[in-house]
Amino acid sequence: MQTHILDYLTDAVRYAPDKTAYSDGTDSLTFREVYEQSRSIGTFLCGNQVGREPVVVFMEKHPKTIAAFYGVISAGAYYVPIDVEMPVERIRLILENVQAGVMICDAGTIETARTFAFQGRIVSYEECCHTDIDEAKLEEIYEASIDTDPIYIVFTSGSTGVPKGVTACHRSVIDYIEHLAEALPFAEDTVFGNQAPLYMDACLRELLLTLKFRATAYLIPRELFLFPVKLVEYLNQYRINTICWVVSALVMISSFDTFQVAVPEYLRLIAFVSEVFPIVQFHKWKEAVPNATYVNLYGPTEATGVCCYYIVDREFQAGDVIPIGRPFRNTQILLLDEQNREAAPGESGEICIRGSSLTLGYYNDLQKTSDSFTQNPLHAHYPERIYRTGDIGRRNDRGELEFVSRKDYQIKHMGHRIELGEIEANVNLVEGVKMAGCVYDKTRSKIVLFYTGTAQPREVTAALRTKVPRYMLPNKIIQMDRIPLTANGKINRLELEKKVQEEKKDNG
Amino acid sequence: MDELLEILRDLHEDIDFETCETLIDDKILDSFDIVTIIAEIANTFDVKISAEHITPQNFNSAKALYQLIQKLEAEE
């Protein structure tokens, strides 16, 4: 039984050393190059007394970044990806949480890295990727590793304003990759077109399935996602046949009539994730690329990527919901009602996940971990963890799972998971702001911020820009004399939502 | 032109859109901005920008974008 994630890499090198593993169109690495550079980095790290501890990887979207991830793991450490897209304040909070001893940078990031309040050592990838490999040392680390040891920490939005570091281990990732591979058609001739940033868990499927199937993954440069025709041309140029993208990236292509100018010629597997696919746009895709297999994927970062899938096998009409289907093998979904009992057929309940695909929890936050990863309430016979997603789901007449809504104030916007509370917490820190309340206008996909205080809306945006990622910036900001409160003194979001609806009417 | 500048300033108050000619090259605009700008232009000018016009050249400056709008308005 496989217990180490890097066995995928060792196998790929044995059978297909000279095949291109990862490319961005300009630069490529073969499996052998990925292997050797990662072993050099691993040797470098353990030569610098790095043990089972976090190592920050601050590099651009590039094949070498992936070799750096594997290098960190080969040293028995776990990687923490950060990115130039992240605002400085978020990076500061991440660095403060993990307290890493080493940060690996590339030529494009190392100057920025030196401006961080970082106590550890900053090294460049080029400086460590040529280290003479110490096979004996790496073998010793490999032998001593256990499949519940962490391999990465990725950060996700937290409602109090502090991002949470989801920590995954070998076992959860192997469980995920093995069962994803079993459920969907991947093969040696698969050519992935990766969209997810490397600092998110979503990129794992392309990175690791590429190793497992000795396939090839193209890391699509992110600026291409601004230009739909160029993006389709890129897919065709590299004969990309498999994509797992957030819905907003797919909609970016279909909604501007791109297919009248350029059509993807090689796509055979189109997976979409993270949001509800508007049926009108989904139809445009099916019309343009009729022979591809379409798959809806669902799952939280806390359960290592995705845990449910639905292969589209029938027609959907406007107003229908594309189900999230069923869990991968070795994962179970419980729908729990407010009394923590299993919801009756057709009734909705909180989607709770059990199985080996659960991650270890939130780094340096045992409290938040135990709030979300709880004992299975259906029994008290032995300790058994489940993860409570906060998503509400139900089973339809066919027994398929459907996503219904959120229990709290977490939203999905442009493919990103956002806690409205995190935006509010950061707005409340802006000088001249007294109180902030955020709502999401689903029909227009807009984050609307209400606040009281003397600060001007533009000042609020400018200040927020340094604190939260771009995708969390409110799309509309409304200054008020007072924020409506509920009887218990909490922000009355229903009232704010009503205001959003009224505004829409006023504007026709 | 003023209406267009207003749309752009709402997205990035810190950029001088009258002079900046590297909105794409310097990664000032992201995919969210592009989608928003196209929607706002449709609302304000009643012109539809389709995929073939969504190019780096047309979005690199407010001037280029305004020329595109005028061209599309003339075509209608």
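Considering the alpha-carbon set of the stretch A:1-98 alone, what are its Rg and its Dmax in angstrom?
In Å, with Rg to one decimal and Dmax whole: 14.5, 44.
Could you give the radius of gyration (one decimal) and Dmax (whole number) of the Cα atoms in the stretch A:410-506, in Å?
Every Cα atom of the stretch A:410-506 included, Rg and Dmax give 12.6, 34 Å.
Viscosity 0.890 mPa s, temperature 25 °C: give me the Stokes-Einstein translational D for the stretch A:210-301 in µm²/s, with Rh taken as the Kirkwood radius over C-alpha pairs.
The calculation lands on 180 µm²/s.
Any chance you could list the semi-axes, whole Å, largest first, of the equivalent ellipsoid that the Cα gyration tensor gives for the stretch B:2-75, using √(5λ)?
After scaling each eigenvalue by five and taking roots: 18, 13, 12 Å.
On C-alpha positions alone, give me the angle between the axis of helix A:170-183 and the longest principal axis of chain A, in degrees, nearest 10.
Tilt relative to chain A: about 80 degrees.
If I stretch the segment between A:N364 and A:E459 completely, what's the gain in nm (0.36 nm per residue apart, minus their alpha carbon distance), one decimal?
Contour length minus the Cα-Cα distance gives 30.9 nm.
What do you get for trypsin sites (Lys or Arg not before Pro) in the stretch A:276-321 restricted to DSSP loop and a cutoff of at most 16 other Cβ within 10 Å of the site's Cβ?
Within the stretch A:276-321, the qualifying trypsin sites (Lys or Arg not before Pro) (loop, at most 16 other Cβ atoms within 10 Å) are A:R314.
Can you pull out the chymotrypsin sites (Phe, Trp or Tyr not before Pro) in the stretch A:315-373 whose DSSP state is coil and whose Cβ has at most 16 other Cβ atoms within 10 Å?
A:F316
When a/c reaches 1.5 or more, the comparison of a/b and b/c decides; with that in mind, is the stretch A:174-222 rounded, prolate or oblate per its Cα gyration tensor?
Because a/c hits 1.5 or more and a/b fails to exceed b/c, the stretch A:174-222 counts as oblate.
Before rounding to the nearest 500, sum -39500 (n - 2.57) across all DSSP H runs of length at least 4 in chain A and divide by the residue total; then give [θ] at 222 nm in deg cm²/dmol.
It lands at -9000 deg cm²/dmol.
Apply the Kirkwood formula to the stretch A:33-89: the hydrodynamic radius equals the inverse of the mean of 1/r over all pairs of different alpha-carbon atoms; give it in Å with one decimal.
Result for the stretch A:33-89 stands at 11.4 Å.
Please rank A:C129, A:C438, fewest neighbouring Cβ atoms within 10 Å first, as an exposure proxy.
A:C129, A:C438
Translational diffusion coefficient of the stretch A:98-177 at 4 °C, 1.567 mPa s, Stokes-Einstein with Kirkwood Rh over Cα pairs, in µm²/s as a whole number.
83
Can you tell me the orientation of helix A:228-237 relative to chain A, as the angle in degrees between its alpha-carbon axis and the longest Cα principal axis, to the nearest 10?
So the inclination is approximately 30 degrees.
What's the angle, to the nearest 10 degrees (0 to 90), between helix A:63-74's Cα axis and the longest principal axis of chain A?
Between the helix axis and the principal axis of chain A, the angle is about 70 degrees.
Within chain A, which is the longest segment containing none of the GluC sites (Glu not before Pro) that sit in a DSSP loop and have at most 14 other Cβ atoms within 10 Å?
Free of exposed loop sites, the longest segment is A:1-187.
Counting Lys +1, Arg +1, Asp -1, Glu -1, what net charge surrounds A:L208 among other residues with beta carbon under 13 Å of its beta carbon?
-3
Towards the positive end of the charge dipole of the protein assembly as shown, with charges on Cβ (+1 Lys, Arg; -1 Asp, Glu), say which of B:F45, A:V263, A:A343 has the farthest Cα.
A:A343
Of the options A:P474, A:L211, A:I5, report the single residue whose Cα projects farthest towards the positive end of the charge dipole of chain A (beta-carbon charges: Lys, Arg +1; Asp, Glu -1).
A:P474
Percent antiparallel among DSSP beta bridges with both residues in chain A, to the nearest 5?
Among the beta bridges of chain A, antiparallel pairing accounts for roughly 60 percent.
Mind checking the alpha-carbon convex hull of the stretch A:149-272 and giving the volume per residue in Å³?
About 119 Å³ per residue, rounded to a whole number.
Considering only DSSP states other than H, G, I, E and B, which trypsin sites (Lys or Arg not before Pro) in the stretch A:40-75 qualify as loop sites with at most 11 other Cβ atoms within 10 Å?
Sparse-neighbourhood loop trypsin sites (Lys or Arg not before Pro): none present.
From the C-alpha coordinates alone, can you work out the Kirkwood hydrodynamic radius of chain A, in Å?
Answer for chain A: a Kirkwood hydrodynamic radius of 24.0 Å.
Residues with beta-carbon under 15 Å from that of A:Y15, excluding A:Y15: net charge, scoring Lys, Arg +1 and Asp, Glu -1?
With Lys, Arg at +1 and Asp, Glu at -1, the net is 0.
Tell me whether the stretch A:343-446 comes out rounded, prolate or oblate; compute the Cα gyration tensor, take square roots of the eigenvalues as a ≥ b ≥ c, and use a/c under 1.5 as the rounded threshold.
The shape class here is oblate.
All of the numbers you see were taken from the coordinates with simple rules; none came from a lab. Everything quoted here is computed from the prediction, not taken from an experiment. Positions of Cβ are backbone-derived with ideal geometry, glycine not excepted, and every protein chain shown enters the neighbour counts.
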